[in-house]
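Shown next, in structure tokens, is the structure this report addresses.
The values are calculated or read from the model by the stated rules, or taken from the named source; none is laboratory data. Just so you know, these numbers come straight off a predicted model, no measurement behind them. Note that we place each Cβ from the backbone using ideal geometry, even for glycine, and neighbour counts take in every protein chain shown.
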Amino acid sequence: MSEVGIVGYGSYIPRFRIKLESIAAVWGADAENYKRGLQLFEKSVPGPDQDTITMSVEAARRALKRAGITGDKLGAAYIGSESHPYAVKPSGTVVSEALGATPECHTADLEFACKAGTEAMFLVYSQVKAGVIEYGLGIGADTSQGAPGDALEYSASAGAAAYVFGAKNILATVDYTYAYMTDTPDFWRREHQYYPQHGGRYTGDPAYFKHTLGAANGILEKSGMKPEDFAYVVFHQPNGKFPMEAAKRLGFPREKAVTGWLTPWLGNTYSGASPLGLTAILDVAKPGDRILMVSFGSGAGSDAFIYTVKDRILEVQDLAPKTRPQLDENKVYLDYGRYAKFRGKIIRNEG
Amino acid sequence: MRDVAVIGVGLQKWGERWDRSLRDLYVEAAQNAINDAGVDHIDSMYIGCMSGGLFAAQEHLASLMADYLGVTPCAAARVESACASGGLAMRMGWMEVASGLSDIVLVGGVEKMTDVTGDEATFALATAADAEYEGYHGITFPALYAMMARAHMEKYGTTIEQLSHVSVKNHANGALNPDAQYPFPVTLETVMNSTMVSDPLRLLHCSPITDGGAAVILVPAELAKTKYNKRPLVTVAGSGHATDTIALHSRSDFTWLKATEIAAKKAYAMAGVGPKDIDFAEVHDCFSIAEIMVTEALGFFDAGKGGPAAEHGDTARTGIKPINTSGGLKSKGHPVGATGVAQIIELARQLWGEAGKRQLSNPRRGLAQNMGGSGGSTLVHILERKD
Amino acid sequence: MKIRSPRYAREIPQRYRYEAAKTESGKIFFPPRLVYPGGETAQPHTLAQTGQVLTWTILTTGPAEYSDLAPYAMAIVELDDGARTTAMLVDVDLATVKTGLRVRIEFRKIRSEGHEGLLCYGYKVVPD
């Protein structure tokens, strides 16, 4: 089979934001301490009329615009999230229906903490490569919750990134993939629980770094490449600190990691995190640029991809809204009360 | 077609009537009308009611009301046209007598709106709009009329003061109406400073939630002259009925009530008169902007001039074209299905000289305009004093 | 009254994909109908996704299912193909809402039927 890769990409970030100080003030926490420790200043907040499905539809429409195809050309659509709006009933079918991909579109919802987005990309890429479908859609989207007063409340945010994969009109080839999984209970949410649990400091070296570096080293060995061969690197980014630390440990200079580094202003979009980081890179990449992407999902595992950007990137970057402007412009700041109301954290009457 | 006369009327004090059920409100008004008319039986009756089902879990009002009025097995029919249900009941009753099918017809209307929560009442009222293409997207009735108000203000320069003058006038009239829900005056400042409901409409630009019933007795004019002649003869000179699109966004002009224009033209043609021949009118001021737009569509004022006319006092009881001497929906109240019938009652009382402190000086011809939803259906009736 | 599955699913082509109909004389009907005025027939037409505000209001209180969004703007929008419809206008500074504002359609959640019922999606408009 000839080359397979990304044919279109799109991102969606809601307009609402909350500053870390606004959260810290409510819980009597030291805002500066958190900002330094997490390297995070503010995060995106979904409106009451936004969820994983709505953001996925908009991100996917943008990806189709860049791909230059209509939704009926999609043979598969997978949505990875840990905040699917229904516990049982797929997000994927709403998205496929909205894109006009139904009925001949294999659809599935995926979850694997923050890795579900790259999982969707992985599966769709594999189907194209195997010749089962002509074009496929992989989306990472989340509106994840952090428990009130918990460390994760400072970072859990909302966003979506969508990728169309195909074997024609490629804007970035997938050169290598690699998966690194173990059973590591660093973060989970039991059925019927509203908020997740996490292992505190255990989420660092034994979880995030073990798998991120394991997948990165694995793909570098498989491909025979070194940091010097890459123009950009993007990691899963649960806070501003971890991805920069990962870059450092792997020998990537900071400049190569900065373009895909969104969390300090976006928060952790969970399944959308590294996929959104990749969209920010693709928005400015040049033909010939090589990109390393390594996601991480608690539980735990990492998916790694190596991409090479093609000439076609220059024709499509301007066809849909870019990621950095969505992050930096037209922001609406919320106070904690409105944020709590939007996120359903206030006990209401039933009905 | 025979000439039809109104010979008796009945209603009760309107408001939050915790002590009266849906059936009580209709039966009380109906019995008051029967007593007032002095008839010893009725041939059939009409019940205008927007939604017994959504407000009181009660349909089949035909059977229920005939039963509780004690007229079973009398023919009865519930008719619905959202807020124009009462006006529609009037037209149906008029048709039945005018055609010669019946001699004594009771036309009544009723709505029981306080047995449900405020949210449930708002929902029930919103079913007068397009459920899938307006209601689904978050519309309320204040919102629809607010959008019409905005369009009217932007096209003609109509002001919020002009809208507010309508409310002040209607309260001044309603203060003289013992059956009104809010029988007290309000000042312009109070209206202009009341809580915003849907920009630019404030609370005192909006008619209230009300429980109430209203009824009239119709007989052929010949029978009124011979047998029911204790009052001046008042007949239905004209009746007009028209529809418009269900959704506001489908109308060609948001500032013009086309169904009112068409129904009025039909009524004027039947009566052989024009707008200048109408001495006074009861119109559907569900929101202040509605009264302004209706007076234009009825031909009382040119398009865009309804606001200045209200501000100038032209529509006050002492003005050149008194509108809503009863207090209108704003002050009298708006039990949806009953409103259209209560308009006929006010016309009859004015023409008979029985309007108490609200009495106009020798009116000869009155017009009632009753509309449903955002103008999707409209009934217009013209009543004349014949002696 | 809760929206149940058949009533919701039937309108999906309109709510998700803006499927309308255009008659021979060029008038757009959204939604498509069984009967068109004057006995005309119509062909499928997808609505334009951008347009402008013709008239608007800002609701202080809305129906119960929309109350978390209050105050919110509602608008009658004329799309660039001439079709008109009613939609909530979101992601906007309410002080800037005006007749003539350029808008585009965005896919949003319209309402949730309580904690256990359907999630209902559809179109809203945002400033373009």
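Per-residue answers, yes or no, for (1) closer than 29 Å to B:GLY52 by Cα; (2) outside the structural domain of B:ARG20 (by TED's automatic domain parsing):
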site: B:HIS152; (1), (2): no, yes
site: B:LEU163; (1), (2): no, yes
site: B:HIS171; (1), (2): yes, yes
site: B:ASP179; (1), (2): yes, yes
site: B:SER198; (1), (2): yes, yes
site: B:ALA214; (1), (2): yes, no
Check: Could you say which residue among C:PRO63, C:PRO71, C:PRO127 is farther than 29 Å from A:GLY159 by Cβ and either in contact with a helix residue (DSSP H, G or I) (Cβ under 9 Å, 6 or more places away or on another chain) or crowded, with 20+ Cβ neighbours inside 10 Å (or both)?
Finding: C:PRO63
Item checked: Selection from the stretch A:147-169 of residues that are within 17 Å of the chain's Cα centre (by Cα) and of a type outside the set (A, V, I, L, M) -> A:SER155, A:SER157, A:GLY159, A:TYR163, A:PHE165
Check: Among the listed residues B:ASP244, B:ASP277, B:ASP285, which satisfies the condition of being acidic (Asp, Glu) and within 14 Å of chain C (Cβ to nearest Cβ)?
Finding: B:ASP244
Next item on the list: Grab the helices (runs of 4 or more DSSP H) fully contained in the stretch A:253-351, keeping just those with 1 or more residues being more than 14 Å from chain C (Cβ to nearest Cβ) and more than 20 Å from A:ALA63 (Cβ to Cβ).
Entry: A:254-258, A:263-266, A:323-328, A:336-342
Item checked: Breaking point among (1) touching a residue at least 24 places away in the same chain (Cβ under 8 Å); (2) outside the structural domain of A:VAL233 (by TED's automatic domain parsing), for A:GLY301 -> (2)
Margin query: Any residue that is within 14 Å of chain C (Cβ to nearest Cβ) and not in a strand (DSSP E or B) - is there at least one of those in the stretch B:210-222?
Written below: no
Check: Considering only the stretch C:107-121, how many residues are modelled with pLDDT of 95 or more and facing another protein chain (nearest Cβ under 7 Å)?
Finding: 6
Checklist line | Selected residue (only one of A:ALA160, A:ALA156 is within 14 Å of chain C (Cβ to nearest Cβ), in contact (Cβ under 8 Å) with a residue 60 or more places away in the chain and touching a strand residue (DSSP E or B) at 6+ places or on another chain (Cβ under 7 Å)) | finding: A:ALA160
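So in the stretch B:6-47, with the set limited to residues that are aromatic (Phe, Trp, Tyr) and not in a loop (DSSP other than H, G, I, E, B), which one is surrounded by the most Cβ atoms within 10 Å (Cβ to Cβ)?
Going through the qualifying residues, I end up with B:TYR26.
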Item checked: Residues within the stretch B:127-148 that are aliphatic (A, V, I, L, M) and more than 8 Å from chain C (Cβ to nearest Cβ), tallied -> 4
Next item on the list: Kindly list, by first and then second residue, each pair from a residue in the stretch A:47-71 that is more than 8 Å from chain C (Cβ to nearest Cβ) to a residue that is basic (Lys, Arg) and surrounded by fewer than 23 Cβ atoms within 10 Å (Cβ to Cβ), limited to pairs with Cβ atoms under 9 Å and residues at least 6 apart or on different chains.
Entry: A:LEU64/A:LYS73; A:ALA67/A:LYS73; A:GLY71/A:ARG61; A:GLY71/C:ARG17
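Could you list, in sequence order, the residues of the stretch B:137-171 that are surrounded by fewer than 21 Cβ atoms within 10 Å (Cβ to Cβ) and either modelled with pLDDT under 95 or part of a helix (DSSP H, G or I) (or both)? Give the steps one after another, and end with the answer.
Restricting attention to the stretch B:137-171, the residues satisfying the condition of being surrounded by fewer than 21 Cβ atoms within 10 Å (Cβ to Cβ) are B:153-157, B:159-161.
The answer is B:MET153, B:GLU154, B:LYS155, B:TYR156, B:ILE160, B:GLU161.
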Next item on the list: Might you check whether a residue that is within 30 Å of A:ASP175 (Cβ to Cβ) and either crowded, with 24+ Cβ neighbours inside 10 Å or not aliphatic (A, V, I, L, M) (or both) occurs anywhere in the stretch A:142-154?
Entry: yes
Check: Of all residues in the stretch B:275-331, how many are in contact with a helix residue (DSSP H, G or I) (Cβ under 7 Å, 6 or more places away or on another chain), of a type in the set (A, V, I, L, M) and not in a loop (DSSP other than H, G, I, E, B)?
Finding: 10
Margin query: Could you check the stretch B:59-102 and list, in sequence order, the residues that are closer than 16 Å to B:LEU22 by Cα, assigned to a helix (DSSP H, G or I) and of a type in the set (A, V, I, L, M, F, W, C)?
Written below: B:LEU61, B:ALA62, B:LEU64, B:MET65, B:ALA66, B:LEU69
Check: How many residues are touching a strand residue (DSSP E or B) at 6+ places or on another chain (Cβ under 7 Å) and either of a type in the set (A, V, I, L, M) or more than 7 Å from chain B (Cβ to nearest Cβ) (or both) if we restrict to the stretch C:62-97?
Finding: 22
Check: So B:THR72 clears everything in (1) within 14 Å of chain C (Cβ to nearest Cβ); (2) without any contact (Cβ under 8 Å) to a residue 24 or more places away in the chain; (3) touching a helix residue (DSSP H, G or I) at 6+ places or on another chain (Cβ under 8 Å) except one condition, right? Which one?
Finding: (1)
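Return the residues of the stretch B:150-165 that are more than 8 Å from chain C (Cβ to nearest Cβ) and out of contact with any Gly (no Cβ under 9 Å at 6 or more places or on another chain); say none if nothing qualifies.
Correct list: B:ILE160, B:SER164.
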Next item on the list: Could you pull out every one of the strands (runs of 3 or more DSSP E) wholly within the stretch C:44-120 that has 3 or more residues that are touching a residue at least 12 places away in the same chain (Cβ under 8 Å) and closer than 21 Å to C:ILE12 by Cα?
Entry: C:72-79, C:84-89, C:102-112
Item checked: Qualifying residue in the stretch A:113-134 (condition: in contact (Cβ under 8 Å) with a residue 60 or more places away in the chain, away from chain C (no Cβ under 14 Å) and assigned to a strand (DSSP E or B)) -> yes
Notebook entry, point to check: Just one of the numbered conditions (1) within 8 Å of chain C (Cβ to nearest Cβ); (2) among the small types (Gly, Ala, Ser); (3) in contact with a helix residue (DSSP H, G or I) (Cβ under 7 Å, 6 or more places away or on another chain) is not true of B:ALA124; which one?
Noted result: (1)
Next item on the list: Sort through A:PRO148, A:PRO185 and tell me the only one that's within 20 Å of A:SER295 (Cα to Cα) and not aromatic (Phe, Trp, Tyr).
Entry: A:PRO185
Note to self: Can you say whether B:GLY340 is farther than 30 Å from B:TYR228 by Cα and of a type outside the set (S, T, N, Q), as far as the supplied structure shows?
What the structure shows: no
Next item on the list: Name the single residue, out of those in the stretch B:168-209 being in contact with a Leu (Cβ under 7 Å, 6 or more places away or on another chain) and away from every other protein chain (no Cβ under 14 Å), that is farthest from C:LEU94 (Cα to Cα).
Entry: B:ASP179
Next item on the list: Go through the stretch A:89-100 and give me each residue that's out of contact with any helix residue (DSSP H, G or I) (no Cβ under 7 Å at 6 or more places or on another chain) and either within 13 Å of C:LEU118 (Cβ to Cβ) or at the interface with another protein chain (Cβ under 8 Å from one of its Cβ atoms) (or both).
Entry: A:LYS89
Check: Do we have any residue at all in the stretch B:237-257 that's touching a residue at least 12 places away in the same chain (Cβ under 8 Å), among the β-branched types (Val, Ile, Thr) and surrounded by 24 or more Cβ atoms within 10 Å (Cβ to Cβ)?
Finding: no
